[in-house]
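Taking it in order: structure first as structure tokens, then the write-up.
All of the numbers you see were taken from the coordinates with simple rules; none came from a lab. Computed from a predicted model, the values in this text were never measured in an experiment. Positions of Cβ are backbone-derived with ideal geometry, glycine not excepted, and every protein chain shown enters the neighbour counts.
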């Protein structure tokens, strides 16, 4: 045991009249009572086993908990006459009994649970918890599990606590007076440990996409599951991140030690990592022990959407089991089989949406069952429950990219989600969307072109005045922004780009610009942020001729952004992409009057030849 001693070594003598053995404590539980069991890795395992040992005397006892990670010997068929499980979030150790209909699941927002206890709607007879030994002031710490445990201790008629010297003493609002506990049961056993899972390659890709949405100074919530934790691997180049989250894992330690996570820019609880429980190993438990950088608070504070919304740039990262093409998120069931729970997803999703500069992110792998089932579906499975509504959803991320849905039409949502679905399901999803009248019929046959470009195509350019222009692959949801760019161009610029005096661009032509496969056809947009999303100020693209292994390249830059080096930058960037794809060179046709574009080609860093032909100059660029 490596933790320093912060508790009174004589506590058992001081509070001898409150101390009992496990067997004595278990005898205080009576048949028909509702018994709350502590959360996560603070699950009071010794008390639970002592209670189950008395099963024959405890008929019709209800056991209620949130995220029970220890052994759950009460959640088996043989015990159903004695113990009835009522889970506020379904973990693997109780999933079987609930899915067989022999246990209960209560769907509820995590932020609402303390109100259930406090109002008497869900009265608690007994609370079984685990705490650190009392200090010289008679204060015990709830340690790694404050969450709803604090409310349970405040509202239960009787509180029985395992008092464990291995429980960290956490800072924040984790303390309760020893006199708020009815029975103290000395134990000395290691806490439950859950190592960080090794993410799959697809999970890492999702984490990398999500990390791209995290800006310096953001405050993170990392929900339950592999995906949120995988994000941390890709944050080492960020600065002054904060933490306001339900759960902490070992994965945060390297980022704290490197100075990536500092909390210096948080709007509230500045300089402190705020959480309500831990799921980790002894390394994490020792790290947080009496560490003033960490503040553990109960759920009614951590999960309050109004508290979350006060944090500037709050990023909420949560997972889904399935999402339909309109944006309805199912996170607690597989069809009509309950699987997990609502948890804090809605609390943080809504809080982050209220936050100034915040981002609400839902992540999921694109498929299940070895790529045989698409998690993005036209309609949710029968019986599937909607946890996050289509009106609440903002960002959705799979290993194939990022879709932004908030404020978008159903057609825009469907196209965005199809573009980040697994490629083998895109054509099928598109046809289902057309059949469901979500998408116009003329989209038929474009399933293989609803593609998000590779993330490595992203880059940026710092202008001399400090303005940053972002460059990324064109996205299937860029139809409206591309149309806006066209109608913002002068007639001269339109003539130079399209070699005609067109005043209208047909919708089909816009689709041909936007829906590309990013292999033979590559399009890069230059964007500036705007209140309604990316504003496109330039587009550069090439079209590959497989027979010659050369690509025709073309650009258009909005008039007010011309002569600032954007065209030259686009050419260099497209050249880099083309070289990586094994393309031997570019060709281009430029009007004689278009001096600016001629200058871009003549000054590129490759071997350039030009051939005049009436009113057009033909350029040929050979890559070294």
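Once the piece of chain linking residue 356 and residue 458 is laid out straight, how much longer is it, given 0.36 nm per residue of separation minus the C-alpha distance between them? Show your work: numbers first, answer last.
Values: separation 102, 0.36 × 102 = 36.72 nm, distance 2.50 nm.
That works out to 34.2 nm of additional length.
As a calculated quantity, the FRET efficiency between residue 517 and residue 236 at R0 = 35 Å, using C-beta atoms, amounts to about 0.60. If a paramagnetic tag sat 7 Å from the Cα of residue 389 along the Cα-Cβ line, which residues of the stretch 325-360 would have the backbone N under 13 Å from that point? Inside the label zone: 328-329, 350.
For a quick protection proxy, order the peptides 291-300, 596-605, 582-591, 43-52 by their average other-Cβ count within 10 Å, most packed first.
Descending mean neighbour count gives 43-52, 291-300, 582-591, 596-605.
Multiplying the residue separation of residue 559 and residue 595 by 0.36 nm and subtracting their alpha-carbon distance yields 11.5 nm. Our summary gives the chain a relative contact order of 8 percent, counting only alpha carbon pairs under 8 angstrom and 6 or more residues apart.
Structural descriptor for the stretch 11-186: relative contact order 23 percent, calculated from alpha carbon pairs under 8 angstrom and at least 6 residues apart.
For a Förster distance of 56 Å, can you work out the FRET efficiency between the beta-carbons of residue 488 and residue 258, rounded to the nearest 0.05?
The calculated FRET efficiency here is 0.80.
The relative contact order of the stretch 201-449 comes to 17 percent, based on Cα pairs under 8 Å that sit 6 or more residues apart. Compute the Cα gyration tensor for the stretch 424-538, then decide on rounded, prolate or oblate, letting a ≥ b ≥ c be the square roots of its eigenvalues: rounded whenever a/c is under 1.5, prolate when a/b is larger than b/c in the other cases, and oblate in all that remain. In terms of gyration-tensor shape, oblate.
Determine the distance separating the Cα centre of the stretch 30-62 from the Cα centre of the stretch 410-432; give it in Å without decimals. The distance from the Cα centre of the stretch 30-62 to that of the stretch 410-432 comes to 48 Å.
Suppose R0 equals 41 Å; then what is the FRET efficiency for residue 293 and residue 121 from their Cβ-Cβ distance, rounded to the nearest 0.05? It would help to have the intermediate numbers written out before the result.
Numbers: r = 37 Å, r/R0 = 0.89.
Given R0 = 41 Å and the Cβ-Cβ separation, E is 0.65.
In this rough spin-label picture, where each label sits 7 Å from Cα along the Cβ direction, the residue 468-residue 179 distance is 5.6 nm.
Measuring between their Cα centroids, the stretch 345-386 and the stretch 568-624 lie 44 Å from each other. Assuming a ≥ b ≥ c are the square roots of the Cα gyration tensor eigenvalues, decide whether the stretch 366-444 counts as rounded (a/c under 1.5), prolate (otherwise, with a/b larger than b/c) or oblate. It comes out rounded by the Cα gyration axes.
If both residues of a DSSP beta bridge must be in the stretch 11-186, then about 10% of such bridges are antiparallel.
Among beta bridges from DSSP that stay inside the chain, the antiparallel ones total about 50%. When the Cα gyration tensor is reduced to axis lengths a ≥ b ≥ c, the ratio a/c is 1.5 or higher for the stretch 233-278, and with a/b not above b/c it is classed as oblate. The simple spin-label model puts a point 7 Å past each Cα toward its Cβ; for residue 623 and residue 424 those points are separated by 3.1 nm. One chain, two ends: residue 78 and residue 379. Fully extended at 0.36 nm per residue, the span grows by 104.5 nm beyond their Cα-Cα distance. Per-peptide packing, taken as the mean over residues of other Cβ atoms within 10 Å, places 237-250, 218-231, 399-412 in the sequence 218-231, 237-250, 399-412 from highest down. With Cα atoms defining each centre, the stretch 442-481 and the stretch 90-151 are spaced 46 Å apart in the structure. Divided by 2.2 N^0.38 Å, where N counts the residues, the Cα radius of gyration of the chain comes to 1.15.
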